[in-house]
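Trainee: What follows is a single structure, and I will ask about it in a moment.
The values are calculated or read from the model by the stated rules, or taken from the named source; none is laboratory data. Since the structure is predicted, the reported quantities are computational estimates derived from the model, not experimental observations. Cβ: placed from backbone, ideal geometry, glycine included. Neighbour counts: every protein chain shown.
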Amino acid sequence: MIKIYPVVSDSVKSVDIIPATKTRDWFVPHAYKCTPLTCANTIGWDLVLNEPITVEWDGGVYKDNITIIEGSGAKSHFGMGTFTLDPGYIWRTNENMNLMVMPVPNTDNTDIQTMSAVIETDWLSYPWFLTIRVINKGKTTIPKGTPVARVIPVDTGTIENTKIYKMYEPDSIRKEREVLTDKRDKADEWTKDYFKKARRFVRCSPVIDYNDSFKILEENDIYSKESFLDTDDCSFLIRSWVPENPDDPSDLWRNKTCWSTIEANKGVIEERLLQFAQQKTGLDLLLLNPHTVKWGKGDEMLAHDDLGEHREFPNRHFAAIIYLNEDYEGGELVFPHLGLGIKGHTGELILFKGGSVMHRVNMITSGNRYTLVCWFAIKEGD
């Protein structure tokens, strides 16, 4: 998942973010039969200018040698015939997932070159900037609607752990290569067989604008509500936390707090939880066992559903988690079947089908993670 947070108003955004497109003005129809090219055309997201940019460069190496004539997001910063462009967002990704920013593949632009960069968006809570090099001296205008950069998520953890081995070609691969070589000489056979296996092109989703309620993949029945609790309520619940079974270090739930010990606002919070869950599911529900949990460094929970190993909790149809803090590392709520990990903001509520959807909590690597957890049962007859 990629989350983007606007840091300037939409009225002055310098770029739009769109899924990469397949077509190129200079491609002839036959070029689209080359699937490696079309996959490169379509993988990732493009940053497209929201306004024209005009600059003038006199050929010098200092930042004063380039003048910004138009373009509210453009600035002369580094020199060397370059200018920077502020996309206007903070981008955040899951652990080890970073963003490769590069020129748009297979485009024919002789006026500018976007510099390539890897942005460490798994930890950087700061907006990053495009650096664009001007090729020719004099005035250069980049029209509105021009794709100026491609953004591709890259798993740097996997890359760092990948080794390349130079080996002798085994018989199995040699035979497969010979078959494909023979088919390559017979265009119809090659095309028919190749397109059965080839990806053809990559489909990237459009940017989803969640506005005032950050709803996470509602098509998968996972719902989110930011600021469900305010910071004062969250702070109070953390201060009220008392370990239930502190003498048993093997018991993860030693850090559970019985909800009955928390008096202030308890009824109001319970009512709001039930109202939100019923609104999102459209079902008549019962609230079960709300409690707070402190997760310390090294705590984790492996993939599971909430019905219990021996199905001892058959009524836990839905689960809800409210994040009471965010000053910790690790501890993402992960849905393995979706490849989705969530680390909520303080006060954010996540609701999902805990009884039927496998989920886990990644290990806490530093700090303490405080959450309020509860379940919902579907009333009989619904």
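Trainee: Checking the conditions here, which among K297, K343 is at pLDDT 85 or above, basic (K, R) and within 29 Å of K3 (Cβ to Cβ)?
Mentor: Just a single option satisfies the conditions, and that option is K297.
Trainee: On to the next question. Collect the residues in the stretch 358-369 that are surrounded by fewer than 22 Cβ atoms within 10 Å (Cβ to Cβ) and either assigned to a strand (DSSP E or B) or within 20 Å of the chain's Cα centre (by Cα) (or both), keeping them in residue-number order.
Mentor: M358, R360, N362, M363, I364, T365, S366
Trainee: Any idea how many residues of the stretch 297-312 are in contact (Cβ under 8 Å) with a residue 60 or more places away in the chain and surrounded by 14 or more Cβ atoms within 10 Å (Cβ to Cβ)?
Mentor: Count: 5.
Trainee: Could you list, in sequence order, the residues of the stretch 89-108 that are touching a helix residue (DSSP H, G or I) at 6+ places or on another chain (Cβ under 7 Å) and buried (at least 21 other Cβ atoms within 10 Å of the Cβ)?
Mentor: N98 - this is the single residue of the stretch 89-108 that is touching a helix residue (DSSP H, G or I) at 6+ places or on another chain (Cβ under 7 Å) and buried (at least 21 other Cβ atoms within 10 Å of the Cβ).
Trainee: If you don't mind, there's one more thing I want to ask. So for the stretch 61-71 (the condition being closer than 22 Å to K13 by Cβ and either in contact with a helix residue (DSSP H, G or I) (Cβ under 8 Å, 6 or more places away or on another chain) or surrounded by 17 or more Cβ atoms within 10 Å (Cβ to Cβ) (or both)), does at least one residue qualify?
Mentor: Yes - at least one qualifying residue is present in the stretch 61-71.
Trainee: Would you mind listing the strands (runs of 3 or more DSSP E) fully within the stretch 50-131 where at least 3 residues are farther than 18 Å from V7 by Cβ and not polar (S, T, N, Q)?
Mentor: In the stretch 50-131, 53-57, 66-70, 97-102 are the strands (runs of 3 or more DSSP E) which contain 3 or more residues that are farther than 18 Å from V7 by Cβ and not polar (S, T, N, Q).
Trainee: Turning to a different aspect of this structure: What residue, among those in the stretch 72-84 that are out of contact with any Ser or Thr (no Cβ under 6 Å at 6 or more places or on another chain) and at pLDDT 90 or above, is nearest to A149 (Cα to Cα)? Please lay out each step first, then the result.
Mentor: At the first step, the residues of the stretch 72-84 found to be out of contact with any Ser or Thr (no Cβ under 6 Å at 6 or more places or on another chain) are 72, 74, 76, 78-81.
Of the ones still in play, those that are also at pLDDT 90 or above are 74, 76, 78-81.
Details: A74: 14, S76: 18, F78: 18, G79: 20, M80: 19, G81: 18 Å.
If we take residues in the stretch 72-84 being out of contact with any Ser or Thr (no Cβ under 6 Å at 6 or more places or on another chain) and at pLDDT 90 or above, then A74 is nearest to A149 (Cα to Cα).
Trainee: If you don't mind, there's one more thing I want to ask. Out of (1) modelled with pLDDT of 90 or more; (2) outside the structural domain of K13 (by TED's automatic domain parsing), what's the single condition that is false for T131?
Mentor: (2)
Trainee: In this structure, does G347 turn out to be touching a His at 6+ places or on another chain (Cβ under 7 Å) and either of a type in the set (A, V, I, L, M, F, W, C) or crowded, with 20+ Cβ neighbours inside 10 Å (or both)?
Mentor: no
Trainee: If you don't mind, another one. Taking the stretch 10-39 only, how many residues are part of a loop (DSSP other than H, G, I, E, B), more than 29 Å from I90 (Cα to Cα) and at pLDDT below 85?
Mentor: Count: 1.
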